[in-house]
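Working notes, structure below.
Derivation of every value follows stated rules applied to the coordinates shown; laboratory data play no part. In this text, all values refer to a predicted model and were calculated from it rather than measured experimentally. A quick note on method: Cβ atoms are made from the backbone with ideal geometry, for glycine too, and the neighbour counts reach across all protein chains shown.
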Amino acid sequence: MRIIAVYPGSFDPPTNGHLDIIERSSRMFARVVVAVALNIRKNVLFPPAERVRMLRRLTRRWGNVEVDSFRGLLVDYARGREARVLVRGLRAISDFEYEFQMAHMNKKLAPEIDTVMLMTGEQHSYISSNIVKEIAMFGGKIDDLVPPVVRDLVFNKMKGAKGK
Ligand code: COA
């Protein structure tokens with residue numbers, strides 16, 4: 001069976017932890033659609049088009065990975081893409097409650113779609129996009145947390161923001 005999986009998130013910005021999940025999912029599923037959520041309750045640094053552009057650049061080495069964005073309910077988007085699986089990364093126990101609730105709610109909304117949780121690689125388990133942004137804001141090193149292209153874009157954005 002050729003299973004299509006959707007890996008949703010805000011990706012503001014994409015981190016090494018996200019890429020770890022994308023790479024491993026690309027080996028498990030026929031097609032992985034990385035889906036940038038447009039309607040999120042978060043203050044974002046990068047507009048959606050920039051997050052999509054970054055992810056496309058970072059994932060072009062995997063032939064079965066595609067990057068898209070979506071608005072509205074995740075399950076509606078997944079259905080439109082004929083996906084049978086939603087992929088989420090679990091970093092620590094603290095992620096579990098939120099992911100558990102989301103997985104059950106999505107299952108209730110779309111019983112034919114399953115959520116597959118992947119344990120985030122140990123070395124990435126403490127990364128979050130907000131922590132990356134906070135470290136960068138105070139001039140700290142983020143080289144081990146994000147790919148070089150993302151590091152440069154984050155620092156450029158910060159410089160732009162400070163210049164205003
Ligand atoms: N490595 C490193 N960091 C990771 C990670 C990994 N493998 N997986 C998640 N994270 C981090 C993210 O960077 C993010 O950090 P931040 O909070 O500092 O920004 C945090 O964990 C969680 O973000 P993310 O995985 O992007 O999820 P989200 O909570 O921002 O997005 C959606 C959740 C978009 C999937 C969800 O809100 C959604 O489906 N929305 C659509 C509307 C809908 O259908 N709602 C009903 C849901 S039941």
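Amide H to amide H under 5 Å from residue 69: which residues, 5+ apart in sequence or cross-chain, H placed 1.01 Å off N in plane?
Distant-sequence amide H within range of residue 69: 36.
Can you tell me the FRET efficiency between residue 30 and residue 135 if r is taken as the Cβ-Cβ distance and R0 is 45 Å, rounded to the nearest 0.05?
Working from the Cβ atoms, E equals 0.75.
Along Cα→Cβ, 7 Å out, is where each label goes; now give me the distance between the ones at residue 123 and residue 2 in nm to one decimal.
Taking the simple label geometry, residue 123 and residue 2 are separated by 3.4 nm.
So what's the angle, to the nearest 10 degrees on a 0 to 90 scale, between helix 148-163 and the longest Cα principal axis of the chain?
For helix 148-163, the angle is close to 60 degrees.
What's the extension gain from residue 107 to residue 143 if we count 0.36 nm per residue and subtract their Cα-Cα distance?
Stretched out fully, the residue 107 to residue 143 stretch lengthens by 9.2 nm.
Mind jotting down the three principal axis lengths of the chain based on Cα atoms? Whole angstrom, largest first.
Reported extents, whole Å, longest axis first: 49, 32, 29.
Taking only DSSP H segments of four or more residues, each worth -39500 (n - 2.57), what value at 222 nm results for the chain once the sum is divided by all its residues, to the nearest 500 deg cm²/dmol?
-14000 deg cm²/dmol
Full-extension gain between residue 161 and residue 116, please, as 0.36 nm times their residue separation minus the C-alpha to C-alpha distance.
My answer for the length gained is 12.5 nm.
Rounded, prolate or oblate: pick one for the range 17-111, where a ≥ b ≥ c are the square roots of the eigenvalues of its C-alpha gyration tensor, a/c under 1.5 means rounded, and failing that, prolate if a/b is larger than b/c, else oblate.
It is rounded, given that a/c, with a ≥ b ≥ c, falls under 1.5.
For the range 100-129 and the range 3-67, what is the separation of their C-alpha centers, rounded to whole Å?
Distance between centres, Cα-based: 14 Å.
According to a simple spin-label model (label point 7 Å from Cα along Cα-to-Cβ), what is the distance in nm between residue 99 and residue 76?
2.7
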